[in-house]
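Heads up, the thing below is written out as C-alpha cells.
The values are calculated or read from the model by the stated rules, or taken from the named source; none is laboratory data. Owing to the predicted nature of the structure, the values given are computational and were not obtained by experimental measurement. Heads up, the Cβs are rebuilt from the backbone with ideal geometry, glycines too, and the neighbour counts pull from every protein chain shown. Accessible surface areas use protein heavy atoms only, side chains included; no ligands, DNA or RNA. Shrake-Rupley method; radii C 1.70, N 1.55, O 1.52, S 1.80 Å.
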Amino acid sequence: MALELTTEAFDENNDVPSASEAHLGSELIECPQCGLLQFLPPPIAEHSRRCIRCAGSFGRWGVGGDTALALAVTALVLFLLAYLSPMMAIDIDGRGQSVRLGSGIAGLFDHGYAPLALFVLGISIVAPLGRVITLAYVVLRARQARFIPHLSFVLRVAERIRPWSMLDVFLVGALVALTKLHDLAQTDVGVGLWALGLLVATLAAFEMAVDRQMLWDSLICVAGDRKMPSSRSYSACGECGLVQTVQVQCRRCGAGLRGRKQNSLQNATALVATGFILYLPANLYPVLTVISFGHRTTATIMGGVVQLLNGSDWPLALIVFVASVAVPLLKLVGLSGLLFSTRFGFRERLIGRTRLYRLIELISRWSTVDIFVAALLTALVTLGNIATIEPGIGALAFGAVVVVTMLATACFDPRLMWDAAGANHV
C-alpha cells in the first residue's frame, strides 16, 4: 500500500515564502476539487500526495522514464494486433462471421447510425491511441531537460482525452456480447480479444507508471520558472494547476486563466436536464432487434439483463444492470443533488459531496458497455434471413445519455460547492 504525503495549507493573509525558505522543493498548488491553496511536497517513491482538506489525489509517485516508454511501445504493438486480428467469430448452419476492433463502427455506419458510430470510433480507437501517443511523447521529451513550447499543449490534449479512453469498458462489452451469442450460434474467441485483454492491462500499468503532476512540475522546472506569486495576486490554472500572478493565459500550458469553470452551474444544469429527458427513451425503446429465420425480436436494456439472468449469467447481468441502468441514473440524481446544494450554498457534508463527485467522475465511463455490445453484435451477426442483429433507436438515445452525463460531469466545478459555503477566499 502506498504511503501518503500530507500537504501544508497556504495562509492567504501572509506573504508566500520564497523557494529558499521553509517550503524548499514544495509547490504552491490549488486543489482542483475543493479549491484550497496548499504547498505540495516533492514526490517520494511509493508515496501518494493528497489534499489536506478533501483528500483529493494529486497523483501517486510513478516510476516513469524508461518503464513508461516501454509500456507505451508495448501498448502500441498490442493495439495493432488487436485491430488487425479477429476478436470473435460465430458459426450458424455453416455460415460464419468474424469481427475486429473496428468492425462495430462500420456496422453502425451501415445501419445509418453515424453519430453513434463516430462516438464509438472516438472512445474505442481515437482517444486510447491518442492518449498513449501524446503522453508517451511528453514523457520522452520531458526527459531531455529542454523546454519545448508546445509540450504543455500536448499534455493538455492528453489530459482532455483521458476520460474518453474506454478500451477497458470495450473489453467488458465484448465479453457480454459473447455471452449473449451462446444460445444463437457457436462462438469462438480470436487472437484479437486476447490481445485486447493484454492491451487493457498494459494501459493500466502505463497510467500507473506516469505521475501527471510530476510531468507538469518537470515542464515548469525545465522552463526555468518556479516563481511563486505574491500574496492575493494569484490565479490557479484550471488545466495544469499552476498558481501564478494574475494574467490572461497560463504561463506554463497557455490555457486561459479563470478562477472557476465558466458558466459551470448553468451548463451542468442544462446537460443534466437533457440527460433526464433522454433517459426514458434510452430505456423504453429497443437497443437491439434480432431477426432469426424471419422472426423479429426486440430487446431493451432491461430485456438484455433479463435474458442474461435466464441464461444463468447473473454476474454479467449484474454488470450490465449496474453499468447501463443504475450508473446513468446515479449520475443524474447525484449531479442534481450537487447542483442544488451548490445553488443554495449548503455548508453541510462538503467532504462527502466532494467524494460523491469523485465517484460520479470515476463510474461515468462504464455506462458505455451496452453501446459496445450493440456495435459488436450489429457487426458480427449479419447472416441475412438466418440471423441478423440491428441496432435500435434506444441505442442512439442511450449513447446521447452517456455523452450528456459525461459532459455535465466535466462542466461541473466542485470547487463551487466550497466557494458557496464560504470555505474559500474568492
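Data table
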{"read-out": "Neighbours by Cβ (under 6 Å, 6+ apart or cross-chain): first from the range 260-279, open to solvent by 70 Å² or more (accessible area, probe 1.4 Å); second of a type in the set (A, V, I, L, M, F, W, C)", "value": "Phe276/Leu332"}
{"read-out": "Residue in the range 103-120 that is out of contact with any helix residue (DSSP H, G or I) (no Cβ under 7 Å at 6 or more places or on another chain), surrounded by fewer than 18 Cβ atoms within 10 Å (Cβ to Cβ), farther than 19 Å from Phe372 by Cα and not small (Gly, Ala, Ser) present", "value": "no"}
{"read-out": "Qualifying helices (runs of 4 or more DSSP H) (wholly inside the range 146-217; at least 3 residues being among the charged types (D, E, K, R))", "value": "151-161"}
{"read-out": "Test for Val126: is it within 16 Å of the chain's Cα centre (by Cα), crowded, with 16+ Cβ neighbours inside 10 Å and under 25 Å from Thr368 (Cβ atoms)", "value": "no"}
{"read-out": "Qualifying residue in the range 157-179 (condition: without any contact (Cβ under 8 Å) to a residue 12 or more places away in the chain and open to solvent by 10 Å² or more (accessible area, probe 1.4 Å))", "value": "yes"}
{"read-out": "Of all residues making up the range 334-383, the number that are in contact with a Pro (Cβ under 6 Å, 6 or more places away or on another chain) and more than 30 Å from Val189 (Cβ to Cβ)", "value": "2"}
{"read-out": "Conditions (1) surrounded by fewer than 17 Cβ atoms within 10 Å (Cβ to Cβ); (2) in contact (Cβ under 8 Å) with a residue 24 or more places away in the chain: number failed by Trp61", "value": "(1)"}
{"read-out": "Any hit, the range 330-339, residues being charged (D, E, K, R) and over 15 Å from Ala410 (Cα atoms)", "value": "no"}
{"read-out": "Residue match in the range 386-408 (condition: open to solvent by 10 Å² or more (accessible area, probe 1.4 Å) and free of Cβ contacts under 8 Å to residues at least 24 places away in the same chain)", "value": "no"}
{"read-out": "The lone exception for Gly190 - which of (1) open to solvent by less than 40 Å² (accessible area, probe 1.4 Å); (2) in contact with a helix residue (DSSP H, G or I) (Cβ under 8 Å, 6 or more places away or on another chain); (3) farther than 19 Å from Ala70 by Cβ it fails", "value": "(2)"}
{"read-out": "Qualifying residue in the range 97-113 (condition: among the basic types (Lys, Arg) and more than 28 Å from Gly394 (Cα to Cα))", "value": "no"}
{"read-out": "Test result for Arg353, open to solvent by 10 Å² or more (accessible area, probe 1.4 Å), within 13 Å of Leu265 (Cβ to Cβ) and in contact (Cβ under 8 Å) with a residue 40 or more places away in the chain", "value": "no"}
{"read-out": "Residue, nearest to Ala282 (Cα to Cα), within the range 358-379, restricted to residues that are open to solvent by 10 Å² or more (accessible area, probe 1.4 Å) and in contact (Cβ under 8 Å) with a residue 24 or more places away in the chain", "value": "Asp370"}
{"read-out": "Test: residue in the range 289-300 that is open to solvent by less than 20 Å² (accessible area, probe 1.4 Å) and aliphatic (A, V, I, L, M)", "value": "no"}
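Residues checked against (1) within 21 Å of the chain's Cα centre (by Cα); (2) closer than 28 Å to Leu339 by Cα; (3) not aromatic (Phe, Trp, Tyr):
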| site | (1), (2), (3) |
| --- | --- |
| Ser367 | yes, yes, yes |
| Val401 | yes, yes, yes |
| Thr409 | yes, yes, yes |
| Arg415 | yes, yes, yes |
| Trp418 | no, yes, no |
| Gly422 | no, yes, yes |
